[in-house]
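S.K.: Take this structure first; my questions come after.
The values are calculated or read from the model by the stated rules, or taken from the named source; none is laboratory data. Computed from a predicted model, the values in this text were never measured in an experiment. In this analysis, Cβ positions are derived from the backbone assuming ideal geometry, glycine residues included, and neighbour counts consider all displayed protein chains.
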Amino acid sequence: MTEQPLPWVRSLCSLAPLAGLVGRPGRPNGVSAIVRVQGEEEWLEPCLRSIRGFADEIVVLDNGASPETRRILEAVRPALGSLLRVEERPHLDLFALSNFGLAASRFRWVIRWDADFVAHTSGAGDIRALRQFLLQLDPRRYYLVRVGAVEVAGDLFHQFPDLRVRFDGQAVVWSPAIRYVAVHRTVAAGELATPDRVLRDGRAVSRSLESLRTPPYYKVLTWDRPAYVHVNIKSRRHMLLRHFWLEWLEAVSRGSAETREDYAARRAREDWGIGTWDEAEQAYLQSYCRQLVPFDAERCGPYPELLEPYLKNPGYRLEYRGETVIGRRERRESSHVR
C-alpha cells in the first residue's frame, strides 16, 4: 500500500547484504506464523491445524478473544504441542499488535496468518511446498514473498467475482527494519472491490489500511500457487462491523472515541436510514450476498481437507428463489475439534 521502488531498483538493492552494505539475517531458518485473535473466531480450529506442518511456531496474539475462542485454543493445544504460544495483549491497537507479533517471533520467516485462513495440507497446493521453497532461498538475503490464496465468501460455496484469487498474503524475512504502518486513503466507491461497494451509493470512503513496510533491499517474489483458502464467512454481526471497520480505524486515528459498535450503528442510521441493529444486519447481509457467484472449482481447485467437515455440515448457506439470492441460512457452527 505504500509507495514502492521500481522492480529493477529493488533487484539491485537486494544484493546489498551480499556486498556487506547491510547486515545479513541472523535468525534460525524456520517459519513463524503470527495469528491475531479478537472476539469470536469461527474458523480458528481448522486455521491452526492447517499450519501444523508448515510453521515452526504459531504465535497467537490474544487481543480480546472471547471465551469461545479461548476454549478452541485450549482444545487444539494438545494437537499443536510446543508449536503453540499465546501472548495476551488486549490493549494494543491493530498496528501495535502486528508489530508486537513481529518482535515476538523467533524464526527467519514470518507470515501473518489470519484466523480465517485454512491451508491446503495435501495435493498440488500443499502449504508444505511453500515452506520448502522459503527455507531453500538464499539465507544471506532478504525476501518478501506474496502468497496466493483463494477466497470464499457468504458461505463455502460462493465467491465474489473479482476476488476469487488474491495475493495479499505475505511471508517476509524478519529484520528490525520491517514494520506495519497505517496508510490513510480516500477511495471513490467505484474503485473499491465488490464487497466494499455494498450499500455505498457512490460515496467516497476514507480508510486506514495496514501495510507492511520493508526496506528497498528486500527482493519481492510471488508464490502463485494458492496455498490456502481465505474463509471470509462470518456472522451477520461480524459482517456489519467489518463493513465499517477500516473507516472506524480512520476515525479513531483522527481522535474519535466511538466504539466499533457505536460507529457502525450511527453510520447505518445516517447512510441507510436504518434505526435498529437487527435491521442493519439484515439489510447489509442481503445486499452483500446478492453480489456473490458460485465457487469456481476449475479455477480455484479443491477445498482444503480440513474444510471437509464444514462442507458436509455447513453453518451458513445462501438461499435462492429461482436464480436470485434472497438471504442466508445461518446457525451457530458446532465445534469440529478432534
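S.K.: Could you tell me whether region 167-178 includes any residue that is more than 26 Å from Glu281 (Cα to Cα), surrounded by fewer than 14 Cβ atoms within 10 Å (Cβ to Cβ) and more than 19 Å from the chain's Cα centre (by Cα)?
M.R.: Yes.
S.K.: For region 148-157, indicate whether the set of residues that are modelled with pLDDT of 95 or more and among the aromatic types (Phe, Trp, Tyr) is non-empty.
M.R.: The answer is yes; a qualifying residue exists.
S.K.: Just give me the residues in region 223-261 being of a type in the set (S, T, N, Q), within 22 Å of Ala204 (Cβ to Cβ) and either touching a residue at least 60 places away in the same chain (Cβ under 8 Å) or in contact with a Ser or Thr (Cβ under 7 Å, 6 or more places away or on another chain) (or both), in sequence order.
M.R.: Ser253
S.K.: Please go through region 121-148 and pick out each residue that is crowded, with 20+ Cβ neighbours inside 10 Å and over 16 Å from Phe54 (Cα atoms).
M.R.: Tyr142
S.K.: While we're looking at this one, here's another question. Being in contact with a helix residue (DSSP H, G or I) (Cβ under 9 Å, 6 or more places away or on another chain), surrounded by 16 or more Cβ atoms within 10 Å (Cβ to Cβ) and over 30 Å from Ala297 (Cα atoms) is true for just one of Tyr228, Tyr217. Which residue is that?
M.R.: Tyr217
S.K.: Would a scan of region 8-31 turn up a residue that is in contact with a strand residue (DSSP E or B) (Cβ under 7 Å, 6 or more places away or on another chain), among the charged types (D, E, K, R) and under 29 Å from Val183 (Cβ atoms)?
M.R.: yes
S.K.: Could you check region 7-102 for helices (runs of 4 or more DSSP H) lying wholly inside it with 1 or more residues that are among the polar types (S, T, N, Q) and either crowded, with 16+ Cβ neighbours inside 10 Å or touching a helix residue (DSSP H, G or I) at 6+ places or on another chain (Cβ under 9 Å) (or both)?
M.R.: 67-80
S.K.: I need a count of the residues in region 212-250 that are of a type in the set (Gly, Ala, Ser) and either on the phi > 0 side of the Ramachandran plot or at pLDDT 95 or above (or both).
M.R.: 1
S.K.: Exactly one of (1) of a type in the set (Gly, Ala, Ser); (2) at pLDDT below 95; (3) in contact with a helix residue (DSSP H, G or I) (Cβ under 7 Å, 6 or more places away or on another chain) is unmet by Ala264. Its number?
M.R.: (2)
Yes or no, residue by residue, for (1) of a type in the set (Asp, Glu); (2) part of a strand (DSSP E or B); (3) in contact (Cβ under 8 Å) with a residue 60 or more places away in the chain:
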site	(1), (2), (3)
Ser122	no, no, yes
Val145	no, yes, yes
Asp162	yes, no, no
Pro195	no, no, yes
Arg203	no, no, yes
